[in-house]
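A short write-up of the structure that comes next.
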Amino acid sequence: MGASIPDEIERLRRELNEANWRYYVLDAPTISDAEYDRLLRRLERLEAEHPDLVTADSPTRRVGAPPAERFARVEHAVPMLSLSDVFDERELAEFDARVRKLLGRDEIDYVCEPKLDGLAIELTYEDGLFTRGSTRGDGFAGEDVTANLRTLRSVPLRLRPEGAPRLLEARGEVLLLKKDFARMNEQREEAGEPAFVNPRNAAAGSLRQLDPAVTARRPLSLFLYEIGRASREFPTHWEKLAALRDLGLRVNPRNRRCRGLAAVLDYVRETAARRNDEPYEIDGVVVKVDSEDERRRLGFVSRAPRWAVAYKLPPQEEATRVESIDVNVGRTGALTPVARLKPVFVGGVTVSNATLHNENELRRKDVRVGDTVLVRRAGDVIPEIVSVVLEKRPPDARPFVFPDRCPVCGSAAPRPEGEAIARCLGVSCPAKLREGLLHFASRPALDIRGLGDQLAAQLVESGRVREFADLYALDEEALLGLPRMAEKSAGNLLVAIAASKATTLPRFLYAIGVPGVGEATARLLAQAFPSLRALLDASEEALQRVRDVGPALAREIRTFFAEEQNRRALQHLLDAGVRPEAPPAATRGGVFAGRTLVLTGALSSMTREQAKA
């Protein structure tokens, strides 16, 4: 096995964890569903081929993302697990064959349901009264959004009395209907507010508001499709759906009971054909074994039930024209080509930009200015170009010349051998500096309270901050010269900047944005090299002796610290009085010796970061 396999597995895990965090916690996804599925399937395949590299925290062994800290934590008595995906009729037939073989049956009764694109929730009823509502969260614990769910008219506060069980935990999806989403965006634009990107994110953001009055003003809808726990038993899933409907809960009228694979395939094809006519966004069909007894016999695999799958419909595509190709520069200096498109309505929103990911992807698809391209989007924030319609290519279209220098600051932007991404090496590149400042000031970094997105932009655009060390030369006069900066805010910010000088080496390493170095790796590096000087002079070989640092990451770290501009910027920070101290040596004894501690949820007397420290 080559050394590249562990590196690829680690990279896939990093990208999937980032995608999960942005999708489930921030409600701001940055990769397409299709790209996420591709990454996950690649990771699953590699782990199946190399089981010795499987870890308990792999994205293939978990569901969703942890609940946010701003709501109380709710443990799910029965986990709300995700479903395995199938992408074509052959894979669906393979699922049916596995089920029939395990059960020893010639034909299975299934229930098919539209796969809604919203936010999964659980409603708890006790003695017929609605007592608690929670989000799915990571599948095992979610967020308490009871007050917000009470504002939805589709959530009955009391079940219909006929046959109401003593306990009922009903599960479903909160979503925005297409017409409600369009009307809400029209109202936001009229009020001068930014439009929501898509119905799924708008629904999730609307439900997860700290002020229930905001949720009440949003036209959210709800469909129920499952029961977690109940004080009465149901022989089949179809009977559960009927019971939910009888109790006054909204169930999708498109659900259908299907005998055998042929009937399931008919339902899938019908759903795909009427997809654009549905009042809500859907991205597939959920297929579930109907018999509860058969479900128990089939059981679960690590992250999903064996008795259900999600059939993913092909993402929707539209044709449009490439009007230009730009290269964006991110916080880490990564150069990303972006196609500027003639606006086209696809997947429920108007699309005018599509990422091309990197130079390799740009070359593989051979996208050129003036090309007609197929754009795919299925509830994603960043659409992707599927292919070029070569028959419509203009005769004067020329291949795009990828820059070898940063388009923002003019610094060299090399692409390391064997890597897909070129990076700007200018440590003070304005494109990197704004995002870099936000990262530098973030809570897990130097924790400079009050330095937000707008202020970071003002400091960079005004020229007051050209590198991180310039923060420590700011005074009240400089800050009060900025728009909307009050004297009290300026004073509080200066106090926070001064306090950030006393920090730890792990926080400092994370703050300066070493490529590939997150919080965990920063701690490991600080343990191995307890001074900044020792780390600056460490060889690639020495770096590789640090746990979780492979050859590729060691090379990135070494290149970063060898860059003369970066060494000057670090020295300027030290000259400004920033003192990164080595972490305390680990003690051999004590009450926590030999234990692994995990902090989740909200703490009453301190933040989670303080508790970790």
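The values are calculated or read from the model by the stated rules, or taken from the named source; none is laboratory data. Just so it is clear, the structure is predicted and the values come from calculations on it, not from any experiment. Because the Cβ atoms are built from the backbone with ideal geometry, glycine has one as well, and the counts that use them run over all protein chains shown. Ligands, DNA and RNA are stripped out before the accessible areas are found, and what is left, the full protein with its side chains, is counted by its heavy atoms. Shrake-Rupley method; radii C 1.70, N 1.55, O 1.52, S 1.80 Å.
Go ahead and run the numbers for FRET between residue 480 and residue 453, Cβ-Cβ distance against an R0 of 25 Å, rounding to 0.05. My answer for the efficiency is 0.80. Take every pair of alpha-carbon atoms less than 8 Å apart whose residues are at least six positions apart; their mean separation over the length of the stretch 63-208 yields a relative contact order of 28 percent. How large is log10 of I(q)/I(0) for the stretch 381-422 at q = 0.24 Å⁻¹ when the intensity is taken from the Debye formula with one equal scatterer per alpha-carbon? Taking Cα atoms of the stretch 381-422 as identical point scatterers yields -0.93.
In percent, rounded to a whole number, the relative contact order of the chain is 11, using alpha-carbon pairs under 8 Å and six or more apart. A full extension of the chain between residue 473 and residue 547 corresponds to an added length of 22.9 nm, given 0.36 nm per residue minus the alpha carbon distance. What shape does the stretch 119-275 take by its C-alpha gyration tensor, where a ≥ b ≥ c are the square roots of the eigenvalues and a/c under 1.5 counts as rounded, a/b above b/c as prolate, and the rest as oblate? It comes out oblate by the Cα gyration axes. Helix 89-103 axis versus longest C-alpha principal axis of the chain: approximately 60°, rounded to the nearest ten.
When all alpha-carbon pairs of the stretch 183-275 are counted, what percent fall beyond 23 Å? That tail contains 51 percent of the Cα-Cα pairs.
What the phi angles of the stretch 210-226 give under the Karplus curve with 6.51, -1.76 and 1.60, with θ = phi - 60°, is a coupling list of 5, 9, x, 5, 5, 4, 4, 7, 9, x, 6, 10, 8, 10, 9, 9, 7 Hz, glycine and proline written as x. Bridging of residue 432 to lysines at a Cα separation below 23 Å is possible for 501, once same-chain residues fewer than 8 apart are set aside. By the Cβ rule of 4.7 Å, the chain holds the following cysteines without a possible disulfide partner: 112, 258. Peptides 398-404, 74-80 ranked from most to least packed give 74-80, 398-404, packing being the mean of other C-beta atoms within 10 angstrom over each peptide's residues. Only one of the listed values, (i) 31.0; (ii) 27.2; (iii) 25.0, was derived from the coordinates as Kirkwood radius over Cα pairs in Å; which label is it? Recomputing Kirkwood radius over Cα pairs in Å here gives the entry labelled (ii). Spatially, the stretch 320-342 and the stretch 446-511 are offset by 30 Å when compared through their Cα centroids.
Averaged per residue, the stretch 432-477 has 44 square angstrom of accessible surface, using a 1.4 angstrom probe with ligands and nucleic acids left out. Computed from Cα atoms, the angle from the helix 519-528 axis to the main principal axis of the chain rounds to 40 degrees.
Per-residue packing, averaged as other Cβ atoms within 10 Å, sorts the ranges 483-491, 202-210 into the order 202-210, 483-491, beginning with the highest. With contacts taken as Cα pairs under 8 Å and at least 6 residues apart, the stretch 156-293 reaches a relative contact order of 33 percent.
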